1. Would you pick out the residues in the stretch 31-75 that are part of a strand (DSSP E or B), closer than 20 Å to VAL101 by Cβ and among the small types (Gly, Ala, Ser)?
2. Take the residues in the stretch 65-79 that are at pLDDT 95 or above and of a type in the set (A, V, I, L, M, F, W, C), then tell me which one is farthest from VAL30 (Cα to Cα).
3. Can you go through ASP62, ASP89 and tell me which one is modelled with pLDDT of 95 or more, touching a strand residue (DSSP E or B) at 6+ places or on another chain (Cβ under 6 Å), within 19 Å of MET1 (Cα to Cα) and not polar (S, T, N, Q)?
4. Are there any pairs with C-beta distances below 8 angstrom linking a residue in the stretch 23-38 that is among the acidic types (Asp, Glu) to a residue that is part of a loop (DSSP other than H, G, I, E, B), with the two at least 6 apart or on different chains, and if so which?
5. May I ask you to say which residue of GLY77, GLY57 is of a type outside the set (Phe, Trp, Tyr) and on the phi > 0 side of the Ramachandran plot?
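The values are calculated or read from the model by the stated rules, or taken from the named source; none is laboratory data. All values reported here derive from a predicted model rather than from experimental measurement. Cβ placement follows ideal geometry from the backbone for every residue including glycine, while neighbour counts extend to all protein chains displayed.
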Amino acid sequence: MFIAGHARLPQGMAAKSVFDTLTITAEVDVKYGVILEASCTLATEHGRNFIGQLLRGVSLNDGIEEPLKHLQLYYKGKAANALAAALNDLHLHYQQVSKSVKK
């Protein structure tokens, strides 16, 4: 399945001139909830790739405490809080959608 999580960007971000919100999108395995591929709307390709690598392989069925810890530990950019909020939103959306998909 393909899902997205959204959060508002802080002032002073390069991406703020293009987007008002930061979005994390993920392709997720329906059976195990594993993120197969992820991307986000950070301004640089390097940043988008970094977030994709950080989230790839994470099982949303196991919660998002670990990926949030990794995000806090390894991402030191201005969008850290927005990324965490978008990841929380993505997880919430996954929980809502996965219930209907698994029926």
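1. Passing the criteria: ALA38, SER59.
2. LEU73
3. So the residue among ASP62, ASP89 that is modelled with pLDDT of 95 or more, touching a strand residue (DSSP E or B) at 6+ places or on another chain (Cβ under 6 Å), within 19 Å of MET1 (Cα to Cα) and not polar (S, T, N, Q) is ASP89.
4. Filtered contacts from the stretch 23-38: GLU27/MET1; GLU37/ARG56.
5. Only one candidate passes the filter, namely GLY57.
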